[in-house]
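Participant: One structure follows; several queries about it will come next.
The values are calculated or read from the model by the stated rules, or taken from the named source; none is laboratory data. These figures come from a predicted structure and were not determined experimentally. Here the Cβ positions follow ideal geometry from the backbone for every residue, glycine too, while neighbour counts run over all protein chains shown.
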Ligand code: HEC
Ligand code: HEC
C-alpha cells in the first residue's frame, strides 16, 4: 500500500498565518522570486519509489497520487491557495528520480506505442522538464535554471550567435550613455544617426516605457527601453529580429541608481523553413569595471556562481516568442532630453511592433521542451455546462444571458493551440506568476480583464472577469485537483 499525500489542516493554518506576513517584491530575477522555499511551508510527504515490477494499474495510482502531491498549493493569497513554482520543481524532481531509476533498468518501459507509455507519457514529460530546474552543482547553484536539457552554460553557446548584442549596443559610448538618465537621449540619438543610413525595413525602433508587470532582472526598476532591430541577415540566408530590453530608471527614480540588466530575445526566420520562427533568449548584466569604468554586458548564465543575479525559465512566461508590450506608461523625450510621459496625441509604434508577433507564427523554442508544459488553456469543443459557468463566475454579477458570449470567448485554443499554447506556468495559479507582477495578477488574467484577449472582443467588464474565472477553473482547479491540465497529465482516459 503506498502512502497517499496527506495534508494536515492544522499545519496548513500555521503556514497560512506565517506566510501572510511575508511581503514579496515584484521581481523576475534575483532572490525576490524565491518566495516559497521558506522552511515553514509544509511539504507533502514524498511517495513510495516506483518499482520495476509494477503493474500498469500500480503505475497509474502512483502517477495520480504524485500529481496531487506535486500540485499541492501552499501559498495563500486573498483566501486562495496558490502553487509555488520552486516546490513544483522540487517535487517533480523527486518523482522523476524514481522514474529515472526504473528507466535505467528498463529504458523502453514507457515506449509511446504502448498503453503504459500513453498513460505515463505526459506526466513523465512534465516532471522531466521541471526536474532540470532542480539540478545543482557542487556549490549548490542551479545549473539548468533555464529549464532545458542542456545546461545554462551550454545554452549560452547555442544562443549567443543569435542573441549577441550588436556592436552599437555594446560600444563603450552607447553603454555609457545608457548608464544615466541624463544621457538616455544621447543613446537614442546614436541609434537614430545609425538608422539614417539604413533602408526602411532595417531601421531600429526604440520605445521607452514603464512595465505594468514586472521588475527588471536586476530587481531594481519597472523602467524599460525596448530596442527592436528587425531583419538582420542570418548566416543561413534567413533573417533575425532582435528584441533588446534595457532596464532604465523611471522619471521618479533617483537618477544615480545603478541599473544593470538588459535582456534579449532573438527570433530567427530560417531561410529553409518559412513560417517557422526559432527563438533564443538571454539576460545580460552591464558590469562596470571599478578601475577603468568600462561597461561590459555579461550573460547572466555566465556570471560567477556567487552572483546575486539569476535568469529564469523564459518559457514559463513567454509562450509566444515575444510577449506583446502593453505598458503602464509609454515615455517620450522632452526637448530638454528628459524622459516624460508620452503625450496622448504623440505617435506610438507599439501597435505595429506588437503586430509583428502575430506574423511570426508558431515559435520553435529549440532546446526547450515546450510540449512538456501541457495543452493550451481554453480548448475548443469542450462542453461547458451552465452549472459550471454559474459556479465559476460566482461573484462577478453576470447572469445566464452572458453564457453564450463567455463560452465563445473561452475557445482561446482556436488561435493558441499551435501558435502559443497558454499552458503551465502561465495558465496555472502560482505565487511566482502573481507575486512577480506589480498588479499581483498573472499576465493571462491581466490580458483578459483588460480586454486584450481574445482580440477584438466586446465583453463587458464583468464578463471579462467571469471569463478569466471560468478559464482558470477549467484549466487547473487546485482545490478539487481537476481540470484540462490534470486530464492531460493523466493521459488518455481508459
Ligand atoms: C515571470 C514572467 C517572465 C519571465 C520568466 C521572463 N519574462 Fe521576459 N517579459 C515578461 C513580460 C511580462 C514582458 C512584456 C514587457 C512588460 O510588460 O514588462 C517581457 C518582455 C521581454 C522582452 C521584450 C520583448 C517582449 O517579449 O516583449 C525580452 C527581450 C524578454 N522579456 C526577455 C526574457 C528572457 C531572455 C527571459 C528568460 C531568460 C525572460 N524574458 C523571462 C515576463 C517574463
Ligand atoms: C483570434 C486569435 C486569438 C484568440 C482567440 C486568442 N488569442 Fe491570445 N494571442 C493572439 C495573438 C496573435 C497574440 C500575439 C500578440 C498579439 O497579437 O497581441 C496573442 C497573445 C496572447 C498572450 C501573450 C503571449 C505570451 O507569450 O504570454 C496571452 C497570455 C494570450 N494571448 C492569452 C489568450 C487567452 C487567455 C485567450 C482566450 C481567452 C486568447 N489569448 C485568445 C491571438 C489570439
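Participant: Check 174, 213, 209 and return the single one that is surrounded by 17 or more Cβ atoms within 10 Å (Cβ to Cβ) and within 17 Å of residue 293 (Cβ to Cβ). It would help to see each step written out before you state the result.
Facilitator: Numbers: 213 fails: within 17 Å of residue 293 (Cβ to Cβ); 209 fails: within 17 Å of residue 293 (Cβ to Cβ).
After ruling out the rest, the residue left standing is 174.
Participant: Could you say which residue among 332, 359, 344 is assigned to a strand (DSSP E or B) and out of contact with any helix residue (DSSP H, G or I) (no Cβ under 7 Å at 6 or more places or on another chain)? Don't jump to the end; show me each part of the working.
Facilitator: Details: 359 fails: assigned to a strand (DSSP E or B); 344 fails: assigned to a strand (DSSP E or B).
332 is the lone residue from the list that is assigned to a strand (DSSP E or B) and out of contact with any helix residue (DSSP H, G or I) (no Cβ under 7 Å at 6 or more places or on another chain).
Participant: Looking at the stretch 447-461, is at least one residue under 17 Å from the mean Cα position of the chain (by Cα), part of a helix (DSSP H, G or I), under 23 Å from residue 316 (Cβ atoms) and within 16 Å of ligand 1 (Cβ to nearest atom)?
Facilitator: yes
Participant: I want to confirm something. Restricting to the stretch 450-486 and keeping residues that are without any contact (Cβ under 8 Å) to a residue 12 or more places away in the chain and closer than 18 Å to residue 72 by Cβ, which single residue is farthest from ligand 2 (Cβ to nearest atom)?
Facilitator: Going through the qualifying residues, I end up with 480.
Participant: For the stretch 228-239, what are the residues that are touching a helix residue (DSSP H, G or I) at 6+ places or on another chain (Cβ under 7 Å) and buried (at least 21 other Cβ atoms within 10 Å of the Cβ)?
Facilitator: First pass over the stretch 228-239, keeping only residues touching a helix residue (DSSP H, G or I) at 6+ places or on another chain (Cβ under 7 Å): 228, 230-231.
Selection gives nothing.
Participant: Just the residues that are away from ligand 2 (no atom under 11 Å from the Cβ) and in a helix (DSSP H, G or I), please, taken from the stretch 347-356.
Facilitator: Here is the first cut: in the stretch 347-356, the residues away from ligand 2 (no atom under 11 Å from the Cβ) are 347-349, 352.
If the condition is that a residue be away from ligand 2 (no atom under 11 Å from the Cβ) and in a helix (DSSP H, G or I), then 352 is the only one that fits.
Participant: Filter the stretch 209-226 down to residues that are closer than 14 Å to residue 286 by Cβ and touching a helix residue (DSSP H, G or I) at 6+ places or on another chain (Cβ under 8 Å) and give me whichever is nearest to ligand 2 (Cβ to nearest atom).
Facilitator: Ranking the candidates gives 217 first.
Participant: Next question. Being touching a helix residue (DSSP H, G or I) at 6+ places or on another chain (Cβ under 7 Å) and part of a strand (DSSP E or B) is the filter here, so list the residues in the stretch 276-329 that pass it.
Facilitator: 277, 280, 281, 282, 283, 284, 285, 286, 295, 297, 299, listed by residue number.
Participant: Among the helices (runs of 4 or more DSSP H) confined wholly to the stretch 366-431, which include 2 or more residues that are more than 26 Å from residue 323 (Cβ to Cβ) and away from ligand 1 (no atom under 15 Å from the Cβ)? It would help to see each step written out before you state the result.
Facilitator: Working: elements: 386-392, 403-409, 413-419.
In the stretch 366-431, 386-392, 403-409 are the helices (runs of 4 or more DSSP H) which contain 2 or more residues that are more than 26 Å from residue 323 (Cβ to Cβ) and away from ligand 1 (no atom under 15 Å from the Cβ).
Participant: Something else: Hey, does the stretch 138-158 have a residue that's farther than 20 Å from residue 86 by Cα, more than 25 Å from the chain's Cα centre (by Cα) and surrounded by fewer than 18 Cβ atoms within 10 Å (Cβ to Cβ)? Don't jump to the end; show me each part of the working.
Facilitator: Quick first cut of the stretch 138-158, residues farther than 20 Å from residue 86 by Cα only: 153-158.
Remaining after also requiring more than 25 Å from the chain's Cα centre (by Cα): none.
No, there is no match, as no residue in the stretch 138-158 is farther than 20 Å from residue 86 by Cα, more than 25 Å from the chain's Cα centre (by Cα) and surrounded by fewer than 18 Cβ atoms within 10 Å (Cβ to Cβ).
Participant: So which of 248, 220 ends up being surrounded by 21 or more Cβ atoms within 10 Å (Cβ to Cβ), more than 9 Å from ligand 1 (Cβ to nearest atom) and either in the same structural domain as residue 166 (by TED's automatic domain parsing) or more than 18 Å from residue 164 (Cα to Cα) (or both)?
Facilitator: Details: 220 fails: surrounded by 21 or more Cβ atoms within 10 Å (Cβ to Cβ).
That would be 248, the only listed residue that is surrounded by 21 or more Cβ atoms within 10 Å (Cβ to Cβ), more than 9 Å from ligand 1 (Cβ to nearest atom) and either in the same structural domain as residue 166 (by TED's automatic domain parsing) or more than 18 Å from residue 164 (Cα to Cα) (or both).
Participant: Picking from 94, 129, which residue would you name as being over 17 Å from residue 486 (Cα atoms) and crowded, with 18+ Cβ neighbours inside 10 Å? Show your work before the answer.
Facilitator: Numbers: 129 fails: over 17 Å from residue 486 (Cα atoms).
None of the others qualify; the one that does is 94.
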